[in-house]
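Asks: One structure follows; several queries about it will come next.
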Amino acid sequence: MMLLVCRTVPLYSSHLSKYSKEEESLGRMSSNEAERIATSLRKVLNTHGHGFHYAVVRRADQLLRSDRAVWILDAAEFPVVGGGQVTHIDFILRTRSGNTVLIGEC
């Protein structure tokens, strides 16, 4: 799985204040524990990415319908051409402001 997050405006520290608690709790995790979790997650996601792809798309839709969405689904199975071959990007999400885009390829 590959996720690419692109920002189109400068990021200021005030934008990050709401995330500080989550980041703080992640900072308390030992490096061995973080690596173990990352390895397990990679193993699951690499076995079959479709489940993750559809879960993200479904959750984005649920949050949008409940008016709680930070990320809005822009596209799913978006066709692109690379090296003369047509392929599809699994999903593209954007923030409500449109300043940040997240591209997911599972």
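Asks: Any residue in the stretch 52-73 that is more than 15 Å from Arg94 (Cα to Cα) sitting within a Cβ distance under 7 Å of a residue that is surrounded by fewer than 17 Cβ atoms within 10 Å (Cβ to Cβ)? List the pairs, counting only those 6 or more apart or interchain.
Replies: From the stretch 52-73, the pairs are Phe52/Met1; Phe52/Leu45.
Asks: Which residue out of Ala76, Ala60, Ala69 is part of a loop (DSSP other than H, G, I, E, B), buried (at least 16 other Cβ atoms within 10 Å of the Cβ) and among the hydrophobic types (A, V, I, L, M, F, W, C)?
Replies: Ala69
Asks: Which one of these is loosely packed, with under 11 Cβ neighbours inside 10 Å, at pLDDT below 55, among the charged types (D, E, K, R) and out of contact with any Gly (no Cβ under 6 Å at 6 or more places or on another chain): Lys43, Lys21?
Replies: Lys21
The values are calculated or read from the model by the stated rules, or taken from the named source; none is laboratory data. Note that the coordinates shown come from a computational prediction; the quantities given were computed from them, not determined experimentally. Note that each Cβ is placed from the backbone with ideal geometry, even for glycine, and that neighbours are counted across all protein chains shown.
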